[in-house]
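Worksheet for the structure shown next.
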Amino acid sequence: MSHVNSSVGGVLEPILDRYARNPHHLMQILRETQERLDFIPEWAVDYLAEALALARVHIQAVIDFYAFFYDSPRGKYRVLFSDNVTDRMQGNTALLSRMLSKFALDQGQVSSDGLVSIDTTSCTGMCDQGPALLVNNYPVTQLSSQRIDQICELIKAQTPLVEWPSEFFNVEDNILRRDVLLSTEMASSQALKRAIELGREGMLAEMKASEFRGRGGAGFTTAVKWEACKNAPGETRYVVCNADEGEPGTFKDRVLLASFAERVFEGMTIAGYVIGASKGLVYLRAEYRFMLEKLHAICDARRKANLLGKDILGQKGFDFDIEIHMGAGAYVCGEETALIESLEGKPGRPRIRPPFPATHGYLGQPTVVNNVETMAQTTLIAQNGGAWYHGMGTNLSTGTKLLSIAGDCDRPGIYEYTFGVRIDKILEDCGARNAMAVQVGGASGTCLARHEFGRKIAFEDVPTSGAFMIFGNNRDMFEVARNFMHFFKHESCGFCTPCRVGTTLMSDILDKIASGKGTHYEMNELSRVHQLLRTTSHCGLGQSAGRPVYDTLQKFRPSYDRRLKHKDFEPAFDLDDALASAREIMERDDVSAHLGTES
Ligand SMILES: Cc1cc2nc3c(=O)[nH]c(=O)nc-3n(C[C@H](O)[C@H](O)[C@H](O)COP(=O)(O)O)c2cc1C
Ligand code: SF4
């Protein structure tokens, strides 16, 4: 081994040892490598390829796939402004420009001294306390011009992040309405003890009786999933907690993990008990890196209390432990099969289904994938029984739901409601007086106009994974849809053509309309491409990507129409534009130097 390699080894060997040189832990190994070196240099890729017996090209493909892995140096301070539509509404664009001009940088550029790079990223899950940014993956919330100036000074002085004012990094829970999940006091072992008393079949029976449906978005009945996994052939089973929470406008899982992690881990342990799994994996989005140490500490405490580990609570053979894996900035990894690919150390591309994870999941073994909130709610069912739980909500949507409320309202934050709550009641509670539209369920969800505010949050009416973004009278719904479309274009994994091409096409068409060059032809194209995306895309990302455009076209058509310069026809060649250089030479820009345009 060369001299270079032995010093390289000094950096990489402890990381490799920590992950037992397991290639399935590639994501974690790359993350820690980058945390040490600021980026992942070529020599580290070479070293890891040899140490993990992986093809170099595989490691490079993983680095290329994830937005938060870098194979070339970024700034010592990597600043990423959260760019959800709610951040825009809170003024992130002006703050970004302010910071760029202070460092005389363009967006995405690294300063020549290597000190700083500034760019945008998709929603960071801080919509209730934005605008927000990430600096070296740690969130700074409640940005203002003053705070931006302070950050610039701290960076110029090369102040380590640990010495920055701690209030910069405050992430509030903002829980503003509690129902059973957020108000029930429960000792850390209580639900688990009750599940053990019930036995595996008994606990499953309670889940069935509750008719509980998963809270990750699709609303699949949890007991059905657990039973399929429990009965699937295979020696080893897994429980996966989906904490990817990448849907723009959603932040309720952040709050559950910040303040109810015991409950989440207990739910995972109960799931493990029922299906017969001995390992649980949490897939935590990279934007929530700031919680990692605390979550590890909670797992350690649970191990000490014999709530994780071997023979849990004295039950011979009931072994279950939890590992936390971090994502690296890819929305598609919230899709359960992409998430499993990522957990296995690969690019997060959705698998072909069937087979489903319940029978062929992590490492090809039966796996239950559930959302963070699903795991937490499970403890209530264990504790109080399925019939009790079934008594809340509506016929097809039992229990309560957490909503992440953001946008044009006085009191953004977390609200827990029983299913069946009307939209207008929610708007009243959070102080949204002039709401014109609500985007329920994030960018891929449903856009509701004012005449629909009597509708209800429920799987049978308006389903949601939790996002609830409010747009007041003065908002431009065309721009909202354009922001979401840019998001989907950016997040498409590129695996299938309809989504890769379709999201780009729709995004480009919206940009064309925004620049005043759209016609009815483009409007028709939007609907046509949306249909194509919806019916031919491989996974839910592509299938729902055109939805915000479709909804706003139906409900807020004037916001599109008023941008159409020519109604029916846009000449392929703009003669007036082509004459611009001639006008410049003649130093003329008066009306008669222009060709007439349609008024
Ligand atoms: C593009 C895409 C992103 C998703 N993101 C998430 C996510 O961040 N969190 C989540 O729980 N489910 C997400 N899902 C849904 C998961 O695929 C899966 O249905 C869910 O984790 C199952 O959990 P549940 O049964 O508890 O609802 C996403 C689906 C798609 C298509
Ligand atoms: S629909 Fe989009 S995100 Fe899903 S697999 Fe196809 S390209 Fe990837």
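The values are calculated or read from the model by the stated rules, or taken from the named source; none is laboratory data. These figures come from a predicted structure and were not determined experimentally. Note: ideal-geometry Cβ built from the backbone for every residue, glycine included; neighbour counts use all protein chains shown.
Here are a few things to note about the model shown:
- Residues of region 229-249 that turn out to be within 12 Å of ligand 1 (Cβ to nearest atom) and at negative phi, as a count: 10
- Condition check for His538: within 27 Å of Ala61 (Cβ to Cβ), under 22 Å from the mean Cα position of the chain (by Cα) and more than 15 Å from ligand 1 (Cβ to nearest atom): no
- Test for Gln543: is it within 15 Å of ligand 1 (Cβ to nearest atom), under 28 Å from Arg450 (Cα atoms) and either surrounded by fewer than 17 Cβ atoms within 10 Å (Cβ to Cβ) or free of Cβ contacts under 8 Å to residues at least 12 places away in the same chain (or both): yes
For every residue, the table says whether it meets (1) farther than 23 Å from Gly234 by Cβ; (2) more than 12 Å from ligand 2 (Cβ to nearest atom).
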position	(1), (2)
Gly334	yes, no
Tyr362	no, yes
Val368	no, yes
Thr379	yes, yes
Ala382	yes, yes
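- Only one entry of Ala218, Ala191 meets the criterion of being under 30 Å from the mean Cα position of the chain (by Cα) and within 12 Å of ligand 1 (Cβ to nearest atom), and that entry is Ala218.
- Residue match in region 484-492 (condition: within 16 Å of ligand 1 (Cβ to nearest atom) and part of a loop (DSSP other than H, G, I, E, B)): yes
- Residues that are farther than 18 Å from Ala232 by Cβ and within 16 Å of ligand 2 (Cβ to nearest atom), drawn from region 339-351: Leu339, Glu341, Ser342, Lys346, Pro347, Gly348, Arg349, Pro350
- Number of the condition not met by Asp511 [criteria: (1) in contact (Cβ under 8 Å) with a residue 24 or more places away in the chain; (2) crowded, with 17+ Cβ neighbours inside 10 Å]: (2)
- All positions within region 447-496 that are under 22 Å from Asp128 (Cβ atoms), over 21 Å from the mean Cα position of the chain (by Cα) and aromatic (Phe, Trp, Tyr): Phe453
- Residue list for region 353-381, restricted to those being among the aliphatic types (A, V, I, L, M) and either within 14 Å of ligand 1 (Cβ to nearest atom) or at pLDDT below 95 (or both): Ala358, Val368, Val369, Val372, Met375, Ala376, Ile381
To keep it simple, each residue is scored yes or no on (1) of a type in the set (A, V, I, L, M); (2) within 16 Å of ligand 1 (Cβ to nearest atom); (3) in contact (Cβ under 8 Å) with a residue 60 or more places away in the chain; (4) in contact with a strand residue (DSSP E or B) (Cβ under 6 Å, 6 or more places away or on another chain).
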{"position": "Ala297", "(1), (2), (3), (4)": "yes, no, no, no"}
{"position": "Asp300", "(1), (2), (3), (4)": "no, no, no, no"}
{"position": "Arg303", "(1), (2), (3), (4)": "no, no, no, yes"}
{"position": "Leu307", "(1), (2), (3), (4)": "yes, no, yes, no"}
{"position": "Phe318", "(1), (2), (3), (4)": "no, no, yes, no"}
{"position": "Glu323", "(1), (2), (3), (4)": "no, no, no, yes"}
{"position": "Met326", "(1), (2), (3), (4)": "yes, yes, yes, yes"}
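- Within region 274-376, strands (runs of 3 or more DSSP E) holding 3 or more residues that are in contact with a Gly (Cβ under 9 Å, 6 or more places away or on another chain), of a type in the set (Val, Ile, Thr) and crowded, with 20+ Cβ neighbours inside 10 Å: 367-371
- Within region 359-376, no residue that is under 19 Å from Lys401 (Cβ atoms) sits with its Cβ atom under 6 Å from a residue that is hydroxyl-bearing (Ser, Thr, Tyr) and part of a loop (DSSP other than H, G, I, E, B) at 6+ positions apart or across chains.
- Only one of the numbered conditions (1) within 16 Å of Ile381 (Cβ to Cβ); (2) part of a helix (DSSP H, G or I) is not met by Glu262, and that is (1).
- Ser188 vs. criteria surrounded by fewer than 15 Cβ atoms within 10 Å (Cβ to Cβ) and not acidic (Asp, Glu): no
- If you go through region 578-589 and keep only what is of a type outside the set (Lys, Arg) and surrounded by 10 or more Cβ atoms within 10 Å (Cβ to Cβ), you end up with Ala578, Leu579, Ala580, Ala582, Glu584, Met586, Asp589.
- Residue in region 533-568 that is farthest from ligand 2 (Cβ to nearest atom), counting only those that are in contact with a helix residue (DSSP H, G or I) (Cβ under 6 Å, 6 or more places away or on another chain) and of a type in the set (A, V, I, L, M, F, W, C): Phe556
Conditions tested, residue by residue: (1) within 25 Å of Phe488 (Cβ to Cβ); (2) modelled with pLDDT under 95; (3) within 16 Å of ligand 2 (Cβ to nearest atom); (4) assigned by TED's automatic domain parsing to the domain that holds Ser82.
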residue	(1), (2), (3), (4)
Ala218	yes, yes, yes, no
Thr221	no, no, no, no
Val239	no, no, no, no
Asp244	yes, no, yes, no
Glu247	yes, no, yes, no
Leu256	no, no, no, no
Glu266	no, no, no, no
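- Complete set of residues in region 234-269 that are out of contact with any strand residue (DSSP E or B) (no Cβ under 9 Å at 6 or more places or on another chain) and either without any contact (Cβ under 8 Å) to a residue 60 or more places away in the chain or under 20 Å from Arg302 (Cβ atoms) (or both): Ala258, Phe260, Ala261, Glu262, Arg263, Glu266
- Test: residue in region 332-342 that is touching a helix residue (DSSP H, G or I) at 6+ places or on another chain (Cβ under 7 Å) and more than 14 Å from ligand 1 (Cβ to nearest atom): no
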